[in-house]
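**Q** Structure incoming, see below.
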Amino acid sequence: MRDKTTQTYLSTLTNQAITLFFLGLAVVVLGVVGFMYLERWPFVDALYMTVITLATVGFKEVHPLSPSGKIFTMFLITSGVGVFTYGAVTFSRLLVEGELKRVFDKRRLEREMRKLKDHVIVCGFGRLGEKVTEELYRKGIPFVVVENDPARITKAEEKGYIYIEADSSHEGILEKAGIKDARILIAVVGSDADNLFITLSARELNPKLHIVARVEDPQATRKLYKAGANRVISPYDVGANMLVHAALKPAVTDFIELTTRLGPVTLILEEVVIEKGSALDGVLIKESKIREDTGAIVVAVRKADTSNILRPEPSLKLEKGDLLVVLGMREDIERLEELARTPHSL
């Protein structure tokens, strides 16, 4: 599907090409008619003289020209140069301004968007939205940005992100972003009302979607949860808590940053889901030997049939669909992920 910007540009380009074609044709017709009328030449001679005149190849005239024919020929040359200059300036402007590049980029984005599966939709590309996309990009998670501010879209384009220049609260935009194939939507538009509407629309279009919404007014939190948000985050509350922890418990803050910030870190926090029939399905934690076999540490467990986070007691039985919150190095997590999906050997 082409957006309005692409459609407008292609329409303008087509109109300019048609205009240039008919201007060129009009000059040729004028030249042929002029030579036939003023010099009484046959059609072929008049057409030949018109073509070599407009092409400025310097060939000799077909027949000697009368004074009126010479004046007409100068007028014809001027007209031809004018049409050529108009065409050159028009298409140079298109190339210099990058309009062709933008069209090709739009088409590339549309192709890439159609390929997206299990991606993240980020609604809003302000300061918070930009930080969110930076983290997703570093993690290699596919995402699409939806933003209607041209200046912000330019920044997304410069970063090479897949984007849609539109208001994410408008009907049909989320479908264009592939919401039915997406797994997460992050609503970080500046208005709580817009985030609420986006959440309502997204939940209706994809009941299984995991929705995280930003909120500024604490009174809107309950409404967002009722609208279908799985998590509602207040950046101000989170920032205040981090500031207090940094001041009172710097060691804890350092550990949290170590396990959540991307880059050359030694430890990371990750989620691992136990699949049906895997080596961990139906096994007690004390019998799973997760620490011995993978090096990862189970920090918490969320059972498949509840949203409660449980302590990893040794007697807790792991089952399919359970989510493990684990701590370890990247290679430790990868070994645990393999263990959680590999069929149990008989």
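The values are calculated or read from the model by the stated rules, or taken from the named source; none is laboratory data. Treat the numbers as computed from the prediction; the structure is a model and nothing was measured. Positions of Cβ are backbone-derived with ideal geometry, glycine not excepted, and every protein chain shown enters the neighbour counts.
**Q** Based on what the data block shows, is residue 57 modelled with pLDDT of 75 or more, touching a helix residue (DSSP H, G or I) at 6+ places or on another chain (Cβ under 7 Å) and not in a helix (DSSP H, G or I)? Reasoning before the result, please.
**A** Numbers: modelled with pLDDT of 75 or more: yes; touching a helix residue (DSSP H, G or I) at 6+ places or on another chain (Cβ under 7 Å): no; not in a helix (DSSP H, G or I): yes.
Judged against the criteria, residue 57 is not a match.
**Q** Show the residue pairs meeting these rules: Cβ distance below 8 Å; 6+ apart or different chains; first residue within the stretch 33-53 and in the same structural domain as residue 72 (by TED's automatic domain parsing) and closer than 17 Å to residue 67 by Cβ; second residue outside any helix (DSSP H, G or I) and not small (Gly, Ala, Ser).
**A** Listed by first residue and then by second, the contacts come to 35/41; 39/63; 39/65; 41/62; 41/63; 49/41; 49/61; 49/62.
**Q** Looking only at the stretch 133-145, which residues are surrounded by 21 or more Cβ atoms within 10 Å (Cβ to Cβ) and not in a strand (DSSP E or B)? Break it down into steps so the answer makes sense when it comes.
**A** Kept after step one, since they are surrounded by 21 or more Cβ atoms within 10 Å (Cβ to Cβ), are these residues of the stretch 133-145: 133, 143-145.
Selection gives 133 alone.
**Q** OK, next. Is it true that some residue in the stretch 121-132 is over 26 Å from residue 200 (Cα atoms) and either part of a helix (DSSP H, G or I) or in the same structural domain as residue 166 (by TED's automatic domain parsing) (or both)? If you could, list the steps in order and put the result at the bottom.
**A** To start, the set of residues in the stretch 121-132 that are over 26 Å from residue 200 (Cα atoms) comprises none.
No, the conditions are met nowhere in the stretch 121-132.
**Q** Just name the residue that is surrounded by the most Cβ atoms within 10 Å (Cβ to Cβ) out of those in the stretch 179-190 that are at pLDDT 90 or above and among the small types (Gly, Ala, Ser).
**A** Among them, the one singled out is 187.
**Q** Looking at the stretch 208-230, which of its residues are surrounded by fewer than 17 Cβ atoms within 10 Å (Cβ to Cβ) and either closer than 18 Å to residue 193 by Cβ or within 23 Å of the chain's Cα centre (by Cα) (or both)? Walk me through how you get there before you give the answer.
**A** As a first pass, look at the stretch 208-230 and keep what is surrounded by fewer than 17 Cβ atoms within 10 Å (Cβ to Cβ): 208, 210, 216-219, 222, 225-226, 230.
208, 210, 216, 217, 218, 219, 222, 225, 226 - these are the residues of the stretch 208-230 that are surrounded by fewer than 17 Cβ atoms within 10 Å (Cβ to Cβ) and either closer than 18 Å to residue 193 by Cβ or within 23 Å of the chain's Cα centre (by Cα) (or both).
**Q** Just checking: which of the helices (runs of 4 or more DSSP H) contained wholly in the stretch 146-237 hold 1 or more residues that are in contact (Cβ under 8 Å) with a residue 24 or more places away in the chain and over 24 Å from residue 105 (Cα atoms)? First the steps, then the outcome.
**A** Working: elements: 150-158, 173-176, 192-205, 221-227.
Per the criteria, 192-205, 221-227.
**Q** What helices (runs of 4 or more DSSP H) completely inside the stretch 272-346 contain at least 3 residues that are touching a residue at least 24 places away in the same chain (Cβ under 8 Å) and over 39 Å from the mean Cα position of the chain (by Cα)?
**A** Working: elements: 285-288, 290-294, 330-341.
Per the criteria, 285-288.
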